[in-house]
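Undergrad: My questions all concern the structure below.
Just so you know, all these numbers are worked out from the coordinates, no wet-lab data involved. Everything numeric in this text was worked out from a predicted model, so none of it was measured. Glycine also receives a Cβ, built like all others from the backbone with ideal geometry; neighbour counts cover every protein chain displayed.
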């Protein structure tokens, strides 16, 4: 039986059993937890002068965790949000250990007492319809490579899909082609295994139908130059490369998530209610979608004009309603 004081066995159970089988966390969350400890263990090992495999649970002290969090921000240049994500993983691990070994309760409590750092909300960038149109026109659609890139950008704009939802899309998720009325649909696999369906514009349906012809249901929709499924990095590079060729976007950081924000803002401007946009984007809470009502300055200006107090008009002399007064006097 392994020594319960050793960190390694606890960590293996946490990463391979607890978050996978017991909690059934999303694959991206599992990878985030793994990456946290991939960074943390060598950091603690260097400060304790012990090999990683010989680290004990109590080598993971609050002081060292705080030093690690500072290292993420100061040396690695991570944001406060990333720092908090790493701390969340460490706190979840401490909670797991204490739930299996009451003797570690004090250690767990001390680690879980480390507070998340308040993060200043980052301004949300989005593209106007003219900028979005210019971005979509960058790929050379006379070539097969350009048609695939155009289809991917158009799909991101049409659906507001996350990068992971686009890279994991397979032909079987598309409902396109001849049908009895209705819109073409796509099934997106979102966070936490949640699924949602999103209608496709006729032009999106057309470019996707051309892209996936003669492919099996399990084949990826978007393939890179090497005929392999697009990766997250590949999609980011595509968006950055196309944005760099749009003069009006010079100096701005354009990412796939900016396209997602743009899709939401354009829906809002078209009069679509926030709850429908929430379902369209796959947000778990309407609070997340409410940010789009905050960032559209033009809509704010229109609202202000509607609420603007008008100039007071001429004062009208009061006229006595004799019929009503007579009625009141008779009561």
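Undergrad: I'm checking my understanding of the structure. Among residues of segment 131-153 that are in a helix (DSSP H, G or I) and free of Cβ contacts under 8 Å to residues at least 40 places away in the same chain, which one is farthest from residue 240 (Cα to Cα)? So that I can check it myself, show each step before the final result.
TA: Initial filter on segment 131-153 (in a helix (DSSP H, G or I)): 131-136, 144-153.
Adding the requirement that they be free of Cβ contacts under 8 Å to residues at least 40 places away in the same chain leaves 133, 136, 144, 146.
On the way: 133: 15, 136: 12, 144: 20, 146: 15 Å.
So the residue we want is 144.
Undergrad: Here's a check for you: in segment 224-234, which residue that is touching a helix residue (DSSP H, G or I) at 6+ places or on another chain (Cβ under 9 Å) and part of a helix (DSSP H, G or I) is surrounded by the fewest Cβ atoms within 10 Å (Cβ to Cβ)?
TA: 232
Undergrad: From the list 39, 66, exactly one residue is over 16 Å from residue 94 (Cβ atoms) and in contact (Cβ under 8 Å) with a residue 40 or more places away in the chain. Which is it? Let's see the steps before the verdict.
TA: Values: 66 fails: over 16 Å from residue 94 (Cβ atoms).
On inspection, the qualifying residue turns out to be 39.
Undergrad: Hey, among the residues in segment 183-223 that are free of Cβ contacts under 8 Å to residues at least 60 places away in the same chain and assigned to a helix (DSSP H, G or I), which one's surrounded by the fewest Cβ atoms within 10 Å (Cβ to Cβ)?
TA: 202
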